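These notes are about the structure you will find just below.
Derivation of every value follows stated rules applied to the coordinates shown; laboratory data play no part. In this text, all values refer to a predicted model and were calculated from it rather than measured experimentally. Neighbour counts are summed over all protein chains in view; Cβ atoms, including those assigned to glycine, are modelled from backbone coordinates with ideal geometry.
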Amino acid sequence: MRLRHIAGAAEFVAAHPQVIQEQQALSLPGQWQEVFANSHPLHLEIGMGRGRFLLSAAQAEPQINFIGLELCEEVIMQALQRYQQLPENIRILWLNAQLLDQVFAPGEIAKIYLNFPDPWPKNRHAKRRLTWDDYLQKYRRVLTAAGTLRFKTDNPQLFDWSRARFAANGWEPLTLSHDLPLEESGIISEYEARYRRLGQPICCGEWRRPELQDGGGQEHTALNIIEEDSR
Ligand SMILES: C[S@@+](CC[C@H](N)C(=O)[O-])C[C@H]1O[C@@H](n2cnc3c(N)ncnc32)[C@H](O)[C@@H]1O
């Protein structure tokens, strides 16, 4: 999602009481439950965009604390303007995902959602993809031992490339589909809604975090993938 610069967006976003900026976030590893003043599990959406998924998920699961991470202040401003009253169990983290392991302690996050990240189709940009090894290693560090990551995309090439990266980094696939039916909950992101309207198949996978001592990044030969394609 590319938006033109909007004058005043940074100030607007920074002034919101449920937005956490980089400087504050860097002092919060291990203390995120205090931000919410309860001990509920933390779920993190990376690249939340205009917040449709985040808001619906937080409303459906009030016993979960949801953090929506987003890099672009113009996008956050649009989310804040759209949803003027955010539920108490939401915080928006205005941050580049590259800093993830500096703002969360090891094992602090129970679940990560990666909804329709930018595909970066050129090979020379592969390391910018949010499923590149460096990111997977950050995700592994911040997830709890039983923590999982759910990834959705409309882009089958990105999905298959990402599957290989998860496998190479020792992540255990729990579900994999190249054509996910609309979930009963109806909780979907803005991009998912757009692609479903266009009739495009949605790829979705969920993986469990690898053990910390297994030296993630090693090549794994056995994939043990359970395909649930409805094609
Ligand atoms: C294609 S949009 C998808 C938005 C939303 N997840 C959805 O499914 O509707 C990707 C979003 O990820 C954000 N993003 C991209 N790279 C990021 C990064 N390194 N850190 C945080 N957010 C990022 C972009 O600004 C954009 O809003």
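Things worth noting here:
- Averaging the sequence gap over all C-alpha pairs within less than 8 Å and six or more residues apart, then dividing by the number of residues, gives the chain a relative contact order of 19 percent.
- Between the listed residues Trp94, Ala168, Val35, the Cα displaced farthest toward the positive end of the dipole of the stretch 23-214, a dipole computed from Cβ unit charges relative to the Cα centre, is found at Ala168.
- Each residue in Phe166, Phe12 was given a count of other beta-carbon atoms within 10 angstrom of its own, and listing them fewest first yields Phe12, Phe166.
- Centroid-to-centroid, using Cα positions, the stretch 34-108 and the stretch 123-191 are 18 Å apart.
- Only helices enter the 222 nm calculation for the chain: every DSSP H run of n ≥ 4 contributes -39,500 (n - 2.57), and dividing by all residues gives -8000 deg cm²/dmol, rounded to 500.
- Projecting the Cα atoms of Gln137, Gln200, Gly51 onto the charge dipole of the chain (Cβ charges, centred on the Cα centre) puts Gln200 farthest toward the positive pole.
- All other residues whose Cβ lies under 11 angstrom from that of Leu130 are scored, Lys and Arg at +1 and Asp and Glu at -1, for a net of +3.
- Using alpha-carbon coordinates, inclination of helix 156-168 to the longest axis of the chain, degrees: 80
- Distance-filtered residues of the stretch 44-62 - backbone nitrogen under 17 Å, label point 7 angstrom along Glu184 Cα→Cβ: 60-61
- Cα centre as origin, Lys/Arg/Asp/Glu Cβ charges: the stretch 139-185 dipole, Debye: 380
- Neighbour counting of Cβ atoms within 10 Å sorts the residues Lys138, Lys122, fewest neighbours leading, into Lys122, Lys138.
- Taken over the Cα atoms of the stretch 23-214, the convex hull encloses 124 Å³ per residue.
- For the stretch 7-70: rounded, prolate or oblate by the Cα gyration tensor [a/c cutoff 1.5]: oblate
- Charged side chains reduced to their Cβ positions (Lys and Arg at +1, Asp and Glu at -1) give the stretch 23-214 a dipole of some 480 debye around its Cα centre.
- Rounded FRET efficiency, nearest 0.05, which uses the C-beta distance separating Lys122 from Glu61 and R0 of 35 Å: 0.40
- Ranked by how many other Cβ atoms sit within 10 Å of their own Cβ, fewest first, the residues Tyr195, Tyr139, Tyr83, Tyr113 fall in the order Tyr83, Tyr195, Tyr113, Tyr139.
- Note on the chain: with a GNM built from Cα contacts shorter than 10 Å, the maximum mean-square fluctuation among Ile112, Ile92, Ile64 falls on Ile64.
- Local net charge near Val103, Cβ-Cβ under 15 Å (Lys/Arg +1, Asp/Glu -1): -3
- Averaged over residues, the count of other Cβ atoms within 10 Å places the peptides 52-59, 144-151 in the sequence 52-59, 144-151, highest first.
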